[in-house]
Amino acid sequence: MRNEVSSDEKENLLTRREFLSRTLQSAAGLYAFSLLHGVANAQTDDKSTTLTAAKSEISSRFVADARWWEPMGKNNIVRCKLCPHQCSVPDGQRGLCGVRQNMDGKYKTLVYSKPVSMHVDPIEKKPLFHFLPTSTAFSLATAGCNFGCKFCQNWEISQAKPEEIPSEYLPPEKIVEMSKKESTPILAYTYSEPVIFYEYMYDIAKAGKKENLRSVMISNGFINKEPMRELCKVLSAVKIDLKAFTDKYYKEVCSGERDPVLNTLKTLKEIGIWYEIVVLIIPTLNDGEQENREMCRWIVNNLGPDVPVHYSQFFPTYKMMNLPRTPVQTIERCHDIAKAEGIHFVYLGNVWNHKYENTFCPKCDKLLIRRQGYYTKIEALKDGKCAGCGTTIPGVWS
Ligand code: SF4
Ligand SMILES: [Zn+2]
């Protein structure tokens, strides 16, 4: 009889109290990170904030005017127009994402200058494979999300309320300063869902742009067209998770909808910003050949063959511990279908040391960029062209 509990099993046994205690510890880690990187003069959450957090309130320094909303005419109700949920929010209440609140008929964000996770990552981790390869990105997230994906790897922050995770006060200029100190040329909004911290992201990206830092958003693409267009003025690239190709999956697994995400992809194409797509393949839920084929056809017909598509392997997590890890053969089959449907750049993700992590020339098949995990080497790409046959390779290379 086995009497030891594996670390994976322990993970599953975490209670909500343990989860909160762990996130508090990670907030302490965040603080240490900031001190280490020379921003000790940034204001940090003090005892009083911790106390108010315990009462489910939030420090006023993290509250800022929200964008993209309108009053609804009576009883101080407002409608949020940032994402397709279009929440109508009574006075004193929050929208579905939990980070935007109606305060006396004015809509506010509760996470401005309130990051709960920050790391320096290779850009390949986002993943963006055709955007400044080998560069690093100063990456951050606040609490909250407008989806509720049952497989979320970052549920500890994406499904938390802002007051559940204490954090430092780090306004946009501080983030830019920290990124410059790290010599990271890219700022990445990631981990949770950046759409819901729109105002903070926008202002960091704007401040970063003045310092020649480029901004990328790693998103579910569930955002209305107008805010997306406005945001693209300060972004340089976007990665969109196309969770599946059925609305049923979006509704049942993610608490979202498919078509607004497809519309976002079309908007990005219209605007001409660089973007890539990631599809997480989950056994029995979205691994059907027909679904994948239809998705690839939609991509080629609406976006063209040059948008990179990354198929990613699922690992059991959060509310989806009952399903197995995706077999490598399954995502290899997805890769083959995508290539057969005409997509030029198809990658496999979460699978280390696979030849389909590399970039090949779609015309002469030359190896252009070699990748092994997060090791990346430019092999035969010169001024954005294949060194073998001269074909222009789409992307942002300098
Ligand atoms: S951003 Fe949040 S509050 Fe606004 S519509 Fe979406 S879920 Fe609702
Ligand atoms: Zn070539």
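In table form, for the structure just shown:
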item: Estimated 222 nm signal from helices in the chain, with DSSP H stretches of n ≥ 4 weighted -39500 (n - 2.57), rounded to 500; result: -9000 deg cm²/dmol
item: Separation between Cα centres of region 163-184 and region 94-136, rounded to whole Å; result: 12 Å
item: R333 versus D306: modelled label distance in nm, points set 7 Å from Cα along the beta carbon direction; result: 3.3 nm
item: Quarter of Cα convex hull surface for region 59-189, i.e. mean projection, nm²; result: 8.9 nm²
item: Gain upon complete extension [T134, Q290; 0.36 nm per residue less C-alpha separation]; result: 52.6 nm
item: Cβ-based net charge around P133, under 15 Å, with every Lys or Arg adding one and every Asp or Glu removing one; result: +3
item: Rg(Cα)/(2.2 N^0.38 Å) for region 64-108, N = residue count; result: 0.95
item: Student exercise, the chain dipole from Lys, Arg, Asp, Glu Cβ charges, in Debye to nearest 20; result: 440 debye
item: Which of S215, P127, F151, positive extreme of dipole for the chain (C-beta unit charges); result: S215
item: Flagged links, alpha-carbon separation over 28 Å, of K161/K210; K106/K243; K125/K210; result: K161/K210; K106/K243
item: Efficiency of FRET from Cβ geometry, I378 and E70, R₀ 45 Å, rounded to 0.05; result: 0.40
item: Max mean-square fluctuation residue, GNM over the chain, Cα-Cα springs under 10 Å, options H130, H85, H119; result: H119
item: Viscosity 1.567 mPa s, 4 °C: Kirkwood-radius Stokes-Einstein D of the chain over Cα pairs, µm²/s; result: 59 µm²/s
item: Formal net charge of residues neighbouring M228 (Cβ-Cβ distance under 13 Å; K, R +1; D, E -1); result: +4
item: Protection proxy ranking of 235-248, 341-354 - average other beta-carbon atoms within 10 Å, highest first; result: 235-248, 341-354
item: Among S60, S312, S167: highest mean-square fluctuation, GNM of the chain, C-alpha pairs under 10 Å; result: S60
item: Among the listed pairs K150/K248; K355/K377; K233/K319; K233/K266; K209/K377, those beyond 25 Å (Cα-Cα); result: K233/K319; K209/K377
item: Selection of GluC sites (Glu not before Pro), region 246-307, meeting DSSP coil and at most 13 other Cβ within 10 Å; result: none
item: Net +/- balance of residues flanking S219 in space, Cβ distance below 13 Å, scoring K and R +1, D and E -1; result: 0
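Every number in this text was worked out from the coordinates using simple rules, so none of it is lab data. Computed from a predicted model, the values in this text were never measured in an experiment. Glycine also receives a Cβ, built like all others from the backbone with ideal geometry; neighbour counts cover every protein chain displayed.
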